[in-house]
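S.K.: I have a structure I would like to understand better, so I am pasting it below and will then ask my questions one at a time.
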Amino acid sequence: MSENTAPVVDFYFDPTCPFAWITSRWILEVEKVRDLSVTFHQMSLYMLNEGRELPEDYRRHTDRGLMPGRATLHVGEHHPELLADWYTAVGARIHIEGNKDYEAVITEAAAELGLDAAPILEATRTDAADDDLRAKQRAAEELVGNDVGTPVVSFDGTAFFGPVMTRIPRGEEAGEIFDAAVRLAQFPYFYEIRRARTTDPQFD
């Protein structure tokens, strides 16, 4: 990448993941202070964990997440230009408002974007497009493997699980974290930095 070329960022999200939400809001903050190109893509915690034994609470969470996952798939396929806005509309209701009534979330998000909620809700009640959702998940796994979760972020073609944060960096701080991530991605032998989380997600 030349110094004058804007970094290309591909952002893979599951709409129900709080950590993906925080990282997505960070990358939108970065857009305000850095020149970059961001494309949002869907992945699926449900499909990642399909067939795996999970703790009961987490299994319940991933199973319920299939509904907004299917809705997001439908919007992404029929209105791809609205995918990022859809994620923002759905994510704000789930994570900021704490609304876990996913049918209401989908209905309200559709209204906000001027979409007919009926076909989106219908898509959540059938497994007809689940193979497409599995393909979305495989695309993310091909970048980072299947032993990680969401988000997956690719910087100029080099992808990582994360960065995982519990706060949304703003302004120049967001830009500095981005600069560091892009720099690390330029080393082909760099793979991972990790530590145990000691704070919970905050969305303000």
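S.K.: With everything on Cα atoms, drop me the angle between helix 18-33 and the longest principal axis of the chain, reported from 0 to 90° to the nearest 10.
M.R.: Relative to the chain, helix 18-33 is tipped by roughly 50 degrees.
S.K.: A further question on this structure: What's the longest piece of the chain with no exposed trypsin sites (Lys or Arg not before Pro), counting a site as exposed if DSSP puts it in a loop and it has at most 10 other beta carbons within 10 Å?
M.R.: The reported range is 53-124.
S.K.: If you place +1 on the Cβ of every Lys and Arg, -1 on the Cβ of every Asp and Glu, and leave all else neutral, what size is the dipole of the chain about its Cα centre, to the nearest 20 Debye?
M.R.: 500 debye
S.K.: Using the C-alpha atoms of the chain, what convex hull volume per residue, in cubic angstrom, is computed?
M.R.: Cα-based convex hull of the chain, divided per residue, equals 131 Å³.
S.K.: Another question, if that's okay. Counting pairs of alpha carbon atoms under 8 Å apart in space and at least six apart in sequence, what relative contact order in percent does segment 8-185 give?
M.R.: 37 percent
S.K.: So for the pair residue 97, residue 31, with labels modelled 7 Å out along Cα→Cβ, what separation do we get in nm?
M.R.: Result: 2.1 nm between the two label points.
S.K.: Helix 102-112 sits at what angle to the longest principal axis of the chain, using alpha carbons and giving 0 to 90 degrees rounded to 10?
M.R.: Computed tilt is about 70 degrees.
S.K.: Continuing with this model, one more query. What's the extension gain from residue 78 to residue 147 if we count 0.36 nm per residue and subtract their Cα-Cα distance?
M.R.: Taking residue 78 through residue 147 to full extension adds about 21.8 nm, to one decimal.
S.K.: Give me the angle, in degrees from 0 to 90, between the Cα long axis of helix 171-185 and the longest principal axis of the Cα atoms of the chain, rounded to the nearest 10.
M.R.: Rounded to the nearest ten degrees, it is 80.
S.K.: Further question: Which GluC sites (Glu not before Pro) does segment 1-67 hold that lie in a coil by DSSP with at most 15 other beta carbons within 10 Å?
M.R.: Taking segment 1-67 and a limit of 15 other Cβ atoms within 10 Å, the loop GluC sites (Glu not before Pro) found are 3, 50, 53.
Taken together, the values in this text are just the output of simple stated rules run on the coordinates, not laboratory data. Quick caveat: nothing in here was measured; it's all calculated off a predicted structure. Backbone-built Cβ (ideal geometry, glycine too); neighbour counts: all protein chains shown.
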